[in-house]
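Before any comments, here is the structure.
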Amino acid sequence: MRVPKTAELVAASLRRVIIRGELEPGDALPPESALMEQFGISRPTLREAIRVLESEALISVRRGVHGGARVNAPDPMVAARYLGLILEYRGTTLGEMFQLVASIEPPCVRQLAGRHTPSGIGRLHEALATEEEAKDDPAALAEAKAAFHATLVELNGNRAMLALHETLQCIFYQAKSPHIATGGKTGTRRDHEEHVKLVKLIQAGEADEAEAHWRRHISRMEKELNASGANTRLELLD
């Protein structure tokens, strides 16, 4: 069993402080001199620990006289980067990724229709409005549609499911973009109309119909994916 280096132990201690919320996003880490005294370590060892946290995107470091390290919230993209490497190494296809992402959303839709709140419905209407505003900007529209899907899972209230969905969505949308046809304005309009219908069904408390509608929506998306290269292996590396 490998004995951790001192810098790794220091990084682990600072990581716990960040993850437990003792330091919040935007907060500065204590000065180097204070951290060196706290841990009884040299400046090179401390800076090695800082580089570990920086590589995990848990802190951002500004160089120079007025620089320093500031805390970031954990980013799903970091988890997606490492999970994506494993999936690509194992020859995972876009179709397999889609099936996994799609398996999460319909149950969330059913639960949301059964116990929605006014604030939750408001969030969904805001997501629809963002889609409408982005209809003439393909990049912004893709981001808005991804945000709508993420909101469905977030409003379900299961934090573990949300973290998994965010991570998978990062991988999926990054990998699929060279292979998926946009469908033009007709396809884009249909997506938005189906999103609008879903929100109406959720707001009406029609759990069965909302879930069925969303499964049909996902089935249509899967057919488009199959026509565009579902058997294509994930390619995340440049």
* Can you give the Rg to Rh ratio of the range 1-99, both from alpha-carbon atoms, with Rh computed by the Kirkwood formula? -> 1.09
* Cα centroid of the range 92-129 to Cα centroid of the range 192-212, whole Å -> 11
* Structure fact -> Between the residues Cys170, Gly40, Leu237, the Cα farthest towards the positive end of the dipole of the chain, that dipole coming from +1 and -1 charges on the beta-carbon of Lys, Arg, Asp and Glu, is from Gly40
* Separation between the His125 and Glu24 pseudo-spin-labels, each 7 Å from Cα along Cα→Cβ, expressed in nm? -> 2.9
* Just round it to a whole percent: the fraction of Cα-Cα distances in the range 1-54 exceeding 13 Å. => 59
* With a point put 7 Å past each Cα toward its Cβ, work out how far Ala212 is from Ala160 in nm, to one decimal. => 3.2
* **the range 48-138 - Rg over Rh from alpha carbon coordinates, Kirkwood radius** => 1.12
* Asked: Say each of Val196 and Ile86 gets a label point 7 Å from the Cα, pointing the same way as Cα to Cβ; how far apart are those two points in nm?
  -> 4.2
* Asked: What is the log10 of I(q)/I(0) for the chain, computed with the Debye formula using one identical point scatterer on each Cα and no solvent, at q = 0.07, 0.11, 0.14, 0.15 Å⁻¹?
  -> -0.32, -0.72, -0.98, -1.05
* Structure fact -> Lys pairs in the chain with Cα under 27 Å (8 or more apart in sequence, or on separate chains) total 19
* Asked: Build a GNM of the chain with springs between Cα atoms under 10 Å: which of Leu23, Leu155, Leu164 gets the top mean-square fluctuation?
  -> Leu23
* **the chain: relative contact order as a whole-number percent, Cα under 8 Å and 6+ apart** => 25
* Compute the longest continuous run of the chain that contains no exposed trypsin sites (Lys or Arg not before Pro); treat a site as exposed when its DSSP state is not H, G, I, E or B and it has at most 15 other Cβ atoms within 10 Å. => 136-238
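Bear in mind these aren't lab numbers, they're just calculated from the coordinates by the rules spelled out. From a predicted model like this one, the values you see are computed outputs, not experimental measurements. Cβ sites come from the backbone with ideal geometry, for glycine too, and all protein chains shown count toward neighbours.
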